[in-house]
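In what follows, a single structure is set out as structure tokens and then discussed.
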Amino acid sequence: MKLIQAAHENENLQKGAAFQLIKAFLELNNTEFGRLVEVIIMSRNNANTCLRIFNSIQ
């Protein structure tokens, strides 16, 4: 699995099941009240998978 993730680390991941939920939460930050929500991503996967996730978010 490590080799697959490393080989594809610059390819964006598909939008997952929670994408719309997270997007809606982050929209709460676009109000007059300022920053209300912060999203933290936690993973128990290997470093190559985490790098691919990070690259996809950017």
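The values are calculated or read from the model by the stated rules, or taken from the named source; none is laboratory data. Remember, predicted model here, so these are calculated numbers, not experimental data. Positions of Cβ are backbone-derived with ideal geometry, glycine not excepted, and every protein chain shown enters the neighbour counts. The area values use the complete protein model at the heavy-atom level, side chains included, leaving out ligands, DNA and RNA. Shrake-Rupley method; radii C 1.70, N 1.55, O 1.52, S 1.80 Å.
List of remarks:
- 5 angstrom amide H check on GLU9, placed H, neighbours 5+ away: none
- Here the peptides 10-20, 41-51 are ranked by packing, the mean other Cβ count within 10 Å, and the order with the highest first is 41-51, 10-20.
- Accessible surface computed residue by residue for the chain, with neighbouring protein chains in place and a 1.4 Å probe, gives 90 Å² per residue.
- According to the calculation over all Cα-Cα pairs in the chain, the P(r) per 10 Å bin from zero is 21, 42, 26, 10, 1 %.
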